[in-house]
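A quick write-up on the structure given underneath.
The values are calculated or read from the model by the stated rules, or taken from the named source; none is laboratory data. Because the structure is predicted, anything quoted here is derived from the model rather than measured. Note that we place each Cβ from the backbone using ideal geometry, even for glycine, and neighbour counts take in every protein chain shown.
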Amino acid sequence: MSTTTLLLSLFEYKARADAELLAELAALDPIAWQAQRKGAIRVLNHVYVVDRIFAAHLSGRAHGYTATNTAETPTLEELAAAIAESDRWYVDHVAALAPEALTAQIAFTFTDGRGGSMSREEMLLHVATHAGYHRGAVGRMVPQLSTAPPRDTYTVHLHEAEPGRRERA
């Protein structure tokens, strides 16, 4: 499996896991679980902002963020739409990359004003793992709200995306 193929699979998984978690949050009673829901939205908004910051780094353009979250909290509907669009961007971006582009070093500035440098593949891996880490944090909130959390694992994604894999063994 090539690095591009693996990264594409990871971003397809990210898109699926994000959508499932956001659907679970949408199913919660917004009045009864107002504080917990807002906390989950704040965490997922942070993930979205970091995703957009790194998309800008990968594209060689300015992102305009001065922090890794926004002062205002979006509605769950607004955030879900923005995350879906961002996830599509990453899938399309990875699918269009030439293999040699993955190792290119990209210099950038963090929101704290300090510089950094990472390869394109390191940035992509950071975005995928950062999102998984925070989905896990939100997933820990969901069982406390009497709702079963989505099955956010890469193996579930692979076997649902390619059901024939379940028949091998």
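For the reader, a short list of remarks on this structure follows.
- Within region 94-118, residues that are touching a residue at least 40 places away in the same chain (Cβ under 8 Å) and closer than 20 Å to Thr66 by Cβ have Cβ atoms under 7 Å from residues that are hydroxyl-bearing (Ser, Thr, Tyr) and surrounded by 12 or more Cβ atoms within 10 Å (Cβ to Cβ) in these pairs: Thr111/Tyr65; Thr111/Thr68, counting only partners at least 6 apart in sequence or on another chain.
- All positions within region 16-33 that are within 30 Å of Thr103 (Cα to Cα) and crowded, with 19+ Cβ neighbours inside 10 Å: Ala17, Asp18
- Residue match in region 55-64 (condition: within 14 Å of the chain's Cα centre (by Cα), within 14 Å of Ala131 (Cα to Cα), crowded, with 19+ Cβ neighbours inside 10 Å and not hydroxyl-bearing (Ser, Thr, Tyr)): no
- On the stretch given as region 88-109, residues that are touching a Gly at 6+ places or on another chain (Cβ under 9 Å) and either surrounded by 16 or more Cβ atoms within 10 Å (Cβ to Cβ) or hydrophobic (A, V, I, L, M, F, W, C) (or both) total 3.
- Out of Arg16, Arg37, sole residue that is part of a helix (DSSP H, G or I) and either under 20 Å from Ala128 (Cα atoms) or hydroxyl-bearing (Ser, Thr, Tyr) (or both): Arg16
- Listed by first and then second residue, the pairs linking a residue in region 37-55 that is more than 18 Å from Met118 (Cβ to Cβ) to a residue that is aliphatic (A, V, I, L, M) and not in a helix (DSSP H, G or I), with Cβ atoms under 6 Å apart and 6 or more places separating them unless they lie on different chains, are Arg37/Leu28.
- Flag if Thr103 is closer than 16 Å to Phe54 by Cα and either among the polar types (S, T, N, Q) or at pLDDT below 95 (or both): yes
- Boolean, Gly39 is more than 21 Å from Gly136 (Cβ to Cβ) and of a type outside the set (Val, Ile, Thr): no
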